[in-house]
Amino acid sequence: MNTSSKIIPALLLVALAAPTALASVHDHIYANGFDIPADAPASKAEASRFLTQATFGPNQTDITRLMAVGYNEWIEEQLGMRATLGEPTVEAVVNARIAGAQNTGQTQRLNRWFWQATYAPDQLRQRMAYALSQIFVVSDQSSMINGDVVPMTAYGDLLATDAFGIYRTLLSDVTYNPTMGKYLNAFRNLKPSATTSPDENYAREVMQLFSVGLIKLNKDHSPLLVGGLTVPTYDQNVITHTAKVFTGLTYSDAPIGTGANFSGANFYGGSLTFAGQYNPMQCWGTELFPYSNGNMRHDITGDDGTLHTDKTVLGGAIIPSGQDCDLDLGDEMDIIAAHPNIAPFISSQLIQRFVTSNPSPAYIQRVATVFDNSTGDLGDVLKAILTDSEARNPPAAGTLSETDSYGKLREPILRLTAMWRAFNAVAPAADIYGEIGMTGNTGFLTAYGQGPLESPTVFNFYTPDYQQPGVFSTNNLNSPELQILNESTLYSSINSYYNFTANSYVGISPLPTTPRPMIDLTTLTANVGTPALMVATINANMLYGTMSSSMQSALSNMIQFGLNGATANEKAWSLIYVTMLSPEYAAQR
Amino acid sequence: MSHTRNSRRDFLNKLSLLAASGGAAALMPQLRMMNTALASTSSLTGYKALVCVYLNGGNDSWNMLVPFDSNGSNLRFDIYAAARSGVYDPAANSGGLGLALPTGSNIALQKVIDGNDASSATNQYFLHPSFTTPYLTQTPLSTLYTQGHLAFAVNVGTLTKPIVMTDYNSSAANRPPQLFSHSDQTSQWHQGNTSASSAVGWGGLCAENLQAQGANLTTDPKLALAISLAGANRFEVGSGSVPYQMSSNGLTSLSGVCNPTCTVGATSSGRDAALNSMLGETYANDFAGEYNAVLQRGRNLYNLIGPNLPPASNTYVPATAFPPNNSLASQLKTVATMIKLSKAKGYATRQIYFVQLGGFDLHSGLMSGGGNHASLLTQVGQALGAFWTSLGPTDVNAQNEVTAFTVSDFARTLQSNGSGSDHGWGGLQMVLGGAVNGGKLYANGGGPISGFPNQSLGGSGSPAPNNFSRGQMIPGIGVEQYAATLAQWMGVSATDCNTIFPNLHNFTSKNLGFV
């Protein structure tokens, strides 16, 4: 391996910034010259392939680092990085825009999200947060939270902060988060009255989508069968009881009043600051108010309206009557997090987001075992997913005589960010409000069929078990991302890619009217006289060296003949653009 | 991986066999009809289209039509209001908002009679006030009902067989799987199969059945009989066919390549050649292969219909004004455009469309706030009203040939949760069209539960009503009965309906007669 001396400054920087990694980094540099770590990728292509799975797209910095330190240490470094946060920036931008009498909206959140995806150094964490945002869904498509630009950004930060923590912590933080509360109605959910019952929405979806699913599972995610039949994880009675657990929650800064009469208490108050809007909700149970007080909003009874009835929840577990609200919620989190479904249910979906739509049962079981043995340590789980032999050693690409359902369709958004990172897109300067424009005013949900925290419903853009009619459904194979690929979104996403390539490169004139990253074409234009070298750069940067010979011929012919006479820049962006349209780029193996 | 599976190549081989037999298999594979081939003469007469209007999230349909008695007792309305935790009144509902519609000052406009019920004591209802407010001067749904073009199917829901409360309680096998779950209940509605999870939907199966009867007339490339304006959906997936998916924003051409013809010497033709070269390859990987297939299909169909649609052409756009800022209306306007285009070009004699409006999962803010139920129903009513107008004799001229019908995940609890309602079961659906036998309620499917249901919350009253403690209704009419009625109108035989709808044989009435 040709280990360039250029990597030394990068290593030293990391060593200075991350003391815990110092010893091993030190060893690599000084102990024995430039050791190749035992688990280093065998080639730059393999490094790029790994980073396609683990980041928002391989770039030279991460490739160099990964090849220098190997998979294990690269992952450990990433696990140790603090989360790059969005909320402080978005709050400042929103405040500046309000002060400048400008509109504010989800564009501010999305610009920051795409900036982090493209430039944040904690790529693994950001990518995990994005994967988690497709399980623990909140969405700006809901009128309940569409205006909550800063709190929604903070929700994204919550996912990034908890990305490598314990699952139960994540579940609890999501449950207490007011943005989730408003999205799925645990927020201001009331104990039963003479005529009403608690809202069942969060009780249902926290179990169906965030934790255990509808039927009991084996550890390899296959359904657990009793007498040949699947077994439901819960029934409507459990939902009704669990709904009572999620009552009494409101904004953290809702005033609880003063004095013996709690004068000024207002369950419907609060939300006075952004922090009030995104800090964990407080619960108005008996820990704050006597049972008899009208402000006591949490249901401490069971299902019959009397004081001393237990709540029978998931798996028949009992939450005793008369408890404080936070105790009830804590019990509920413990009960859910202890369910044997969690490990296969969550592990399987994470594998689908990072590696392959159809993991083998053994792969799921290996990851789920790590999940259980680590008490749901999501960092350990992700490491197990990415270092598993099924992730690192794909089956041979195959000939036509062989079937190949390995891998996944790349998400349309990841096709964009990977292109930006492959060609060192330069972000525009911040505007006078401190905002860095990344989206080019793209309506991602419409154009791509997906957008960050923009799912049409809590069921995400696609479901884990979606099977595209045809070869997938015939063979009982899942193809989640194909659910949003159709004649319409394909055209609109491709036209967006055109806008982000043909109209968005360094040196273009005139400049586009809306700010967006400008890709750097010099790695291509430097070889404009040698089409084969240009195609080789595309192959390495976008397809980790897997480009078929026929595609290489097609691209090479395009440069030599179809674009004969075009400018170097047009040849360069045309290569990128046509590759973004290609079936080979669409599939991640 | 150890999947036992048919290879992509096998699949492609089957398609090429079909292509050789004259079908446009690459565009609309018809595996089930390999032996049927393509009929040279059609047994189907005229043109007909079904339009599935999916109200996504679980429409609180018991507020679309409210029982109302003018004989002074108001008994049924009082039961309804009590079940809904009182009449909605933000000033007075201190213990959580009631969800019952008030009998307001517009009641005269809202009142309707059930033409199927001769008893003046039980045949009066009022419609949601949103259905009395059309866009511009178009006909409101309330009038379309009175004119006999709109019908309600009452207490329809997922059922594998007719049951009552005792059946429900005696065995889980008597119930459809995963009641109250959005995803599962939606799938069952779309599948037309309420007993098991399936990859295919009844719209897609009907399209294939009609295809085998010669519904598709054009040569290649063929437009699929099933067309979605709202993305992927199980309803329109057949055993060997997928819907053509388009947006209501018109068909935009692909940037930087040729659409469909190239300007000689332009650089776009260079990119186009490279793209076509890649699309001409066969891909071993299923994901690359399927992406390739969708892009190819999109290119071919763009070339077929793109030049006839906005932004390229407004020739087939109906003249009728559709309400702005109404996603459902935009979709239905495109449906009207496609119907006009399809009839003019002879693309097909049968088509099945899918449109949807989201936002119905109103656990909170049902009665007030952004996106509340009244605003959603206003969008539905105005979109359907404009659609009906556009199909009129002076515009698209297809009112008697098009039937639109609603489906939704489920109805909702009658009882309030304080500001909204939760997941329920049986509910009301609407059917609109010139062929509809409207002005009536269809509440009898031949089972033990029939008629407009007793809305007393379960557990009270004698005999106990067939609903649960929060007013989740056990349906009296099964989804498969409702769907089979529509399928038969399209030309699917009663015999074939028993295949497409696997539980239909459990029901007495296999055609509810509303169309």
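When restricted to residues that are in contact (Cβ under 8 Å) with a residue 12 or more places away in the chain, out of contact with any Ser or Thr (no Cβ under 9 Å at 6 or more places or on another chain) and facing chain A (nearest Cβ under 7 Å), region B:284-296 contains 1. Do the conditions hold for residue A:223, that is, is it at the interface with chain B (Cβ under 9 Å from one of its Cβ atoms) and at pLDDT 95 or above? The answer is no for residue A:223. Set side by side, the residues A:392, A:410 differ, and just one is surrounded by fewer than 21 Cβ atoms within 10 Å (Cβ to Cβ), among the basic types (Lys, Arg) and within 14 Å of chain B (Cβ to nearest Cβ), which is A:410.
In this structure, residue A:453 does not qualify as assigned to a loop (DSSP other than H, G, I, E, B), within 14 Å of another protein chain (Cβ to nearest Cβ) and hydrophobic (A, V, I, L, M, F, W, C).
The residues listed here are B:265, B:250, B:240; of these, the one that is modelled with pLDDT under 90, more than 10 Å from chain A (Cβ to nearest Cβ) and part of a loop (DSSP other than H, G, I, E, B) is B:250. Taken together, A:165, A:156, A:228, A:147 contain a single residue that is of a type outside the set (Ser, Thr, Tyr), surrounded by fewer than 24 Cβ atoms within 10 Å (Cβ to Cβ) and within 18 Å of the chain's Cα centre (by Cα), which is A:165. Only one entry of B:118, B:151 meets the criterion of being assigned by TED's automatic domain parsing to the domain that holds residue B:420 and either modelled with pLDDT under 95 or over 22 Å from residue B:379 (Cβ atoms) (or both), and that entry is B:118.
Selection of region A:425-450 for residues being in a loop (DSSP other than H, G, I, E, B) and within 26 Å of residue B:363 (Cα to Cα) yields A:449, A:450. For region A:532-552, enumerate the residues that are within 9 Å of another protein chain (Cβ to nearest Cβ) and in contact with a Ser or Thr (Cβ under 8 Å, 6 or more places away or on another chain). Correct list: A:550, A:551. Of the residues making up region B:388-402, those that are under 19 Å from the mean Cα position of the chain (by Cα), crowded, with 24+ Cβ neighbours inside 10 Å and not in a helix (DSSP H, G or I) number 2. Against the conditions (1) away from chain B (no Cβ under 13 Å); (2) within 32 Å of the chain's Cα centre (by Cα), residue A:292 satisfies every one except (2).
Looking at B:271, B:299, can you tell me which residue is more than 7 Å from chain A (Cβ to nearest Cβ) and basic (Lys, Arg)? Step through it out loud before you land on a result.
Numbers: B:271 fails: more than 7 Å from chain A (Cβ to nearest Cβ).
Only one candidate qualifies: B:299.
Would you mind stating whether residue A:421 is out of contact with any Ser or Thr (no Cβ under 7 Å at 6 or more places or on another chain), closer than 22 Å to residue A:160 by Cα and of a type outside the set (A, V, I, L, M)? Working first, answer last.
On the way: out of contact with any Ser or Thr (no Cβ under 7 Å at 6 or more places or on another chain): no; closer than 22 Å to residue A:160 by Cα: yes; of a type outside the set (A, V, I, L, M): yes.
For residue A:421, the condition - out of contact with any Ser or Thr (no Cβ under 7 Å at 6 or more places or on another chain), closer than 22 Å to residue A:160 by Cα and of a type outside the set (A, V, I, L, M) - is not met.
The helices (runs of 4 or more DSSP H) located wholly in region A:32-122 that include 1 or more residues which are surrounded by fewer than 22 Cβ atoms within 10 Å (Cβ to Cβ) and of a type in the set (D, E, K, R) occupy A:44-54, A:60-80, A:87-99.
Taken over region B:121-138, residues that are at pLDDT 95 or above and surrounded by fewer than 17 Cβ atoms within 10 Å (Cβ to Cβ) amount to 2. The one condition from (1) closer than 21 Å to residue B:167 by Cβ; (2) crowded, with 21+ Cβ neighbours inside 10 Å that residue B:497 does not meet is (1). In region B:228-236, is there at least one residue being farther than 20 Å from residue A:478 by Cβ, assigned to a strand (DSSP E or B) and at pLDDT 90 or above? Scanning region B:228-236, I find at least one residue that is farther than 20 Å from residue A:478 by Cβ, assigned to a strand (DSSP E or B) and at pLDDT 90 or above, so the answer is yes.
Residues in region A:246-266 that are surrounded by fewer than 20 Cβ atoms within 10 Å (Cβ to Cβ) and touching a Ser or Thr at 6+ places or on another chain (Cβ under 8 Å): how many? First the steps, then the outcome.
First pass over region A:246-266, keeping only residues surrounded by fewer than 20 Cβ atoms within 10 Å (Cβ to Cβ): A:252-253, A:255-266.
With touching a Ser or Thr at 6+ places or on another chain (Cβ under 8 Å) added as a condition, the list becomes A:253, A:257, A:264.
So the count comes out to 3.
Apart from one condition, residue B:203 fits all of (1) facing chain A (nearest Cβ under 10 Å); (2) closer than 23 Å to residue B:46 by Cβ; (3) in a helix (DSSP H, G or I); the exception is (1).
In this structure, residue A:581 does satisfy being touching a residue at least 40 places away in the same chain (Cβ under 8 Å) and within 12 Å of another protein chain (Cβ to nearest Cβ).
Counting only residues that are closer than 10 Å to residue B:421 by Cα and among the hydroxyl-bearing types (Ser, Thr, Tyr), region A:186-200 holds 2 of them. Condition first: touching a helix residue (DSSP H, G or I) at 6+ places or on another chain (Cβ under 7 Å), polar (S, T, N, Q) and facing another protein chain (nearest Cβ under 10 Å). Now tell me which residues in region A:176-196 satisfy that. Across region A:176-196, the qualifying residue is only A:185. In region A:456-483, the residue that is farthest from the other protein chains (Cβ to nearest Cβ) out of those that are surrounded by 23 or more Cβ atoms within 10 Å (Cβ to Cβ) and part of a helix (DSSP H, G or I) is A:480.
From the list A:498, A:491, pick out the single residue that is free of Cβ contacts under 8 Å to residues at least 12 places away in the same chain, over 28 Å from residue A:135 (Cβ atoms), within 7 Å of chain B (Cβ to nearest Cβ) and within 28 Å of the chain's Cα centre (by Cα).
Details: A:498 fails: free of Cβ contacts under 8 Å to residues at least 12 places away in the same chain.
Just a single option satisfies the conditions, and that option is A:491.
Of all residues in region A:455-488, those satisfying the criterion of being touching a residue at least 40 places away in the same chain (Cβ under 8 Å) and in contact with a Pro (Cβ under 9 Å, 6 or more places away or on another chain) are A:460, A:461, A:464, A:478, A:480, A:481, A:484, A:485.
The values are calculated or read from the model by the stated rules, or taken from the named source; none is laboratory data. Please read all numbers here as calculations on a predicted model, not as lab measurements. Cβ: placed from backbone, ideal geometry, glycine included. Neighbour counts: every protein chain shown.
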